[in-house]
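This report concerns only the one structure given below.
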Amino acid sequence: MSLPNNIILIGFMGSGKTSTGRELAKLLKFNFWDMDQWIEEKNKKYISNIFTENGEQFFRSQESEAVDWLANKDRIIASTGGGAWLDPLNREKLLKLGWCVWLKVSAENSLERIGMNLPQRPVLAQSKNPLIEINNILLIRNPSYSLAHACITTDRKKPKEIALEIIKVLQEDHPFDLPSL
(Lines give C-alpha, C1' and ligand atoms only; values in the text may rest on other atoms or scores of the structure.)
Protein backbone atom coordinates (compact mmCIF):
# COMPACT_ATOMS: atom_id res chain seq x y z
CA MET A 1 0.00 0.00 0.00
CA SER A 2 1.33 3.43 -0.94
CA LEU A 3 1.19 5.95 1.85
CA PRO A 4 1.39 9.75 1.86
CA ASN A 5 4.14 11.49 3.83
CA ASN A 6 1.51 12.67 6.32
CA ILE A 7 -2.20 12.25 6.84
CA ILE A 8 -3.94 15.39 8.06
CA LEU A 9 -7.34 15.09 9.69
CA ILE A 10 -9.59 18.11 9.44
CA GLY A 11 -13.16 18.77 10.51
CA PHE A 12 -15.41 20.24 13.14
CA MET A 13 -15.09 19.63 16.87
CA GLY A 14 -16.40 16.25 17.86
CA SER A 15 -15.73 14.75 14.44
CA GLY A 16 -13.17 12.36 15.92
CA LYS A 17 -9.91 13.89 14.68
CA THR A 18 -7.91 13.16 17.83
CA SER A 19 -9.31 9.74 18.72
CA THR A 20 -9.27 8.56 15.10
CA GLY A 21 -5.81 10.03 14.61
CA ARG A 22 -4.40 8.02 17.50
CA GLU A 23 -5.95 4.80 16.12
CA LEU A 24 -4.73 5.51 12.59
CA ALA A 25 -1.20 6.26 13.84
CA LYS A 26 -1.09 2.89 15.64
CA LEU A 27 -2.37 1.00 12.61
CA LEU A 28 0.02 2.66 10.13
CA LYS A 29 2.96 2.98 12.55
CA PHE A 30 3.05 6.75 12.08
CA ASN A 31 3.55 9.33 14.83
CA PHE A 32 0.47 11.13 16.11
CA TRP A 33 0.44 14.94 16.51
CA ASP A 34 -2.42 17.03 17.87
CA MET A 35 -2.40 20.71 16.89
CA ASP A 36 -4.45 21.91 19.87
CA GLN A 37 -2.21 20.02 22.31
CA TRP A 38 0.88 21.52 20.63
CA ILE A 39 -0.60 25.03 21.01
CA GLU A 40 -1.51 24.40 24.65
CA GLU A 41 1.99 23.12 25.48
CA LYS A 42 3.66 26.00 23.62
CA ASN A 43 1.54 28.60 25.46
CA LYS A 44 1.39 26.72 28.77
CA LYS A 45 -2.40 27.16 28.97
CA TYR A 46 -5.60 25.56 27.76
CA ILE A 47 -7.19 26.61 24.46
CA SER A 48 -10.18 28.10 26.32
CA ASN A 49 -7.79 30.28 28.36
CA ILE A 50 -5.89 31.33 25.24
CA PHE A 51 -9.19 32.48 23.69
CA THR A 52 -10.20 34.32 26.88
CA GLU A 53 -6.84 35.90 27.69
CA ASN A 54 -5.35 36.46 24.23
CA GLY A 55 -8.33 36.45 21.86
CA GLU A 56 -9.29 34.44 18.81
CA GLN A 57 -6.92 36.30 16.47
CA PHE A 58 -3.92 35.29 18.62
CA PHE A 59 -5.17 31.69 18.72
CA ARG A 60 -5.51 31.62 14.93
CA SER A 61 -1.93 32.88 14.63
CA GLN A 62 -0.86 29.97 16.82
CA GLU A 63 -2.63 27.56 14.45
CA SER A 64 -0.64 29.06 11.57
CA GLU A 65 2.60 28.56 13.52
CA ALA A 66 1.57 24.96 14.14
CA VAL A 67 1.02 24.40 10.41
CA ASP A 68 4.50 25.81 9.76
CA TRP A 69 5.96 23.48 12.41
CA LEU A 70 4.44 20.51 10.57
CA ALA A 71 6.10 21.58 7.29
CA ASN A 72 9.23 19.39 7.45
CA LYS A 73 7.72 16.38 9.17
CA ASP A 74 7.07 12.93 7.74
CA ARG A 75 5.03 9.94 8.87
CA ILE A 76 2.71 12.07 10.97
CA ILE A 77 -1.00 11.65 11.53
CA ALA A 78 -2.02 15.24 12.33
CA SER A 79 -5.20 16.25 14.10
CA THR A 80 -5.84 19.90 13.30
CA GLY A 81 -7.97 22.38 15.18
CA GLY A 82 -11.48 22.71 13.78
CA GLY A 83 -10.85 26.23 12.49
CA ALA A 84 -7.26 25.90 11.25
CA TRP A 85 -8.42 24.71 7.82
CA LEU A 86 -10.57 27.82 7.29
CA ASP A 87 -7.57 30.08 6.78
CA PRO A 88 -6.78 29.89 3.03
CA LEU A 89 -2.99 30.01 3.59
CA ASN A 90 -3.13 27.22 6.21
CA ARG A 91 -5.34 25.17 3.90
CA GLU A 92 -2.97 25.63 0.95
CA LYS A 93 0.00 24.53 3.08
CA LEU A 94 -1.82 21.55 4.59
CA LEU A 95 -2.92 20.32 1.16
CA LYS A 96 0.77 20.22 0.18
CA LEU A 97 1.99 18.66 3.45
CA GLY A 98 -0.05 15.50 3.20
CA TRP A 99 -3.28 13.75 2.38
CA CYS A 100 -6.06 15.79 3.96
CA VAL A 101 -9.11 13.86 5.15
CA TRP A 102 -12.27 15.64 6.23
CA LEU A 103 -13.92 13.81 9.09
CA LYS A 104 -17.50 14.88 8.51
CA VAL A 105 -19.84 14.95 11.49
CA SER A 106 -23.47 16.01 11.87
CA ALA A 107 -24.37 18.77 14.32
CA GLU A 108 -26.25 16.28 16.50
CA ASN A 109 -23.32 13.86 16.69
CA SER A 110 -20.86 16.68 17.32
CA LEU A 111 -22.89 17.96 20.26
CA GLU A 112 -23.34 14.44 21.62
CA ARG A 113 -19.58 13.80 21.51
CA ILE A 114 -18.46 17.08 23.07
CA GLY A 115 -21.34 17.05 25.58
CA MET A 116 -19.90 17.76 29.01
CA ASN A 117 -16.83 19.52 27.56
CA LEU A 118 -18.96 22.34 26.15
CA PRO A 119 -17.58 24.94 28.62
CA GLN A 120 -14.04 24.25 27.30
CA ARG A 121 -15.13 24.92 23.70
CA PRO A 122 -14.66 28.68 23.14
CA VAL A 123 -16.79 28.73 20.01
CA LEU A 124 -19.79 27.23 21.84
CA ALA A 125 -19.28 28.06 25.53
CA GLN A 126 -21.60 31.09 25.57
CA SER A 127 -24.27 29.71 23.24
CA LYS A 128 -27.85 29.48 24.53
CA ASN A 129 -28.63 26.76 21.96
CA PRO A 130 -25.45 24.86 21.02
CA LEU A 131 -27.19 22.64 18.45
CA ILE A 132 -28.42 25.62 16.43
CA GLU A 133 -24.98 27.24 16.79
CA ILE A 134 -23.23 24.09 15.53
CA ASN A 135 -25.61 23.83 12.58
CA ASN A 136 -24.92 27.47 11.68
CA ILE A 137 -21.15 26.99 11.94
CA LEU A 138 -21.26 23.82 9.84
CA LEU A 139 -23.21 25.64 7.11
CA ILE A 140 -20.37 28.15 6.93
CA ARG A 141 -17.45 25.71 7.30
CA ASN A 142 -18.52 22.67 5.28
CA PRO A 143 -17.75 24.25 1.86
CA SER A 144 -14.14 24.80 3.03
CA TYR A 145 -13.89 21.35 4.60
CA SER A 146 -15.08 19.84 1.31
CA LEU A 147 -11.82 21.01 -0.32
CA ALA A 148 -9.93 18.20 1.44
CA HIS A 149 -8.57 15.29 -0.60
CA ALA A 150 -11.09 12.85 0.90
CA CYS A 151 -14.15 12.78 3.12
CA ILE A 152 -15.20 10.17 5.68
CA THR A 153 -18.50 10.48 7.54
CA THR A 154 -17.98 9.74 11.23
CA ASP A 155 -21.52 9.72 12.65
CA ARG A 156 -22.19 6.73 14.90
CA LYS A 157 -18.75 5.23 14.19
CA LYS A 158 -16.00 4.35 16.63
CA PRO A 159 -12.50 5.79 16.06
CA LYS A 160 -11.05 2.42 15.00
CA GLU A 161 -13.86 1.98 12.43
CA ILE A 162 -13.08 5.41 10.99
CA ALA A 163 -9.34 4.68 10.91
CA LEU A 164 -9.96 1.40 9.08
CA GLU A 165 -12.20 3.21 6.60
CA ILE A 166 -9.39 5.70 5.90
CA ILE A 167 -6.98 2.81 5.31
CA LYS A 168 -9.51 1.17 2.99
CA VAL A 169 -9.65 4.35 0.88
CA LEU A 170 -5.84 4.35 0.75
CA GLN A 171 -5.79 0.71 -0.36
CA GLU A 172 -8.59 0.92 -2.90
CA ASP A 173 -8.20 4.39 -4.39
CA HIS A 174 -4.40 4.65 -4.36
CA PRO A 175 -4.46 8.45 -4.10
CA PHE A 176 -0.64 8.56 -4.22
CA ASP A 177 2.04 7.52 -6.66
CA LEU A 178 4.48 6.64 -3.92
CA PRO A 179 6.57 3.50 -3.61
CA SER A 180 5.11 0.82 -1.35
CA LEU A 181 6.53 0.60 2.13
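The values are calculated or read from the model by the stated rules, or taken from the named source; none is laboratory data. Owing to the predicted nature of the structure, the values given are computational and were not obtained by experimental measurement. Cβ sites come from the backbone with ideal geometry, for glycine too, and all protein chains shown count toward neighbours. All accessible areas refer to the heavy atoms of the entire protein, side chains included, with ligands and DNA or RNA removed. Shrake-Rupley method; radii C 1.70, N 1.55, O 1.52, S 1.80 Å.
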- prompt: For Lys168, which aspartates and glutamates qualify as cross-link partners when the Cα separation must be under 19 Å and same-chain residues fewer than eight apart are set aside?
  reply: Glu23, Asp155, Asp177
task: Give me the percent of the accessible area of the chain that comes from carbon and sulfur atoms, probe 1.4 Å, all protein chains in place.
output: 51 percent
- request: Pop a pseudo-label 7 angstrom from the Cα along the beta-carbon direction at both Leu86 and Lys42 and give the gap in nm to one decimal.
  value: 1.9 nm
- prompt: In the structure displayed, which of Lys44/Lys73; Lys29/Lys73; Lys104/Lys158; Lys45/Lys160 lie more than 18 Å apart, Cα to Cα?
  reply: Lys44/Lys73; Lys45/Lys160
- request: Report, to the nearest 10°, how far helix 56-70 tilts away from the longest principal axis of the Cα atoms in the chain, using its own Cα long axis and a range of 0 to 90°.
  value: 20 degrees
message: Check which residues have an amide H placed less than 5 Å from Phe12's amide H, if you skip close sequence neighbours.
response: Val105
- line: Once normalised by the length of the chain, the mean sequence separation of its alpha carbon contacts under 8 Å that are 6 or more apart gives a contact order in percent of 38 percent
Spherically averaged projected area of the range 1-77 from its Cα convex hull (nm²): 5.5 nm²
- request: Apply the Karplus parameterisation 6.51 cos²θ - 1.76 cosθ + 1.60, with θ equal to phi minus 60°, to every residue of the range 134-139 and state each ³J(HN,Hα) to the nearest whole Hz, in sequence, with x for glycine and proline.
  value: 4, 4, 4, 5, 4, 4
field: Sparsely packed trypsin sites (Lys or Arg not before Pro) within the range 1-55, loop by DSSP, other Cβ within 10 Å at most 15
entry: Lys29, Lys44, Lys45
Karplus-derived HN-Hα couplings along the range 35-46 (A = 6.51, B = -1.76, C = 1.60, θ = phi - 60°), whole Hz, x at Gly and Pro: 4, 4, 5, 4, 5, 4, 5, 4, 8, 6, 7, 5
message: Calculate log10 I(q)/I(0) of the chain for q = 0.09, 0.15 Å⁻¹, where I(q) comes from the Debye formula with a single equal point scatterer on each Cα and nothing for solvent.
response: -0.30, -0.85
task: Provide Rg and Dmax in Å for the range 52-96, with only Cα atoms included in the calculation.
output: 10.9, 34
task: Step through the residues of the range 88-99 one at a time and calculate ³J(HN,Hα) from phi using the Karplus curve (6.51 cos²θ - 1.76 cosθ + 1.60, θ = phi - 60°), rounding each to whole Hz and writing x for Gly and Pro.
output: x, 5, 4, 4, 4, 5, 4, 4, 8, 7, x, 7
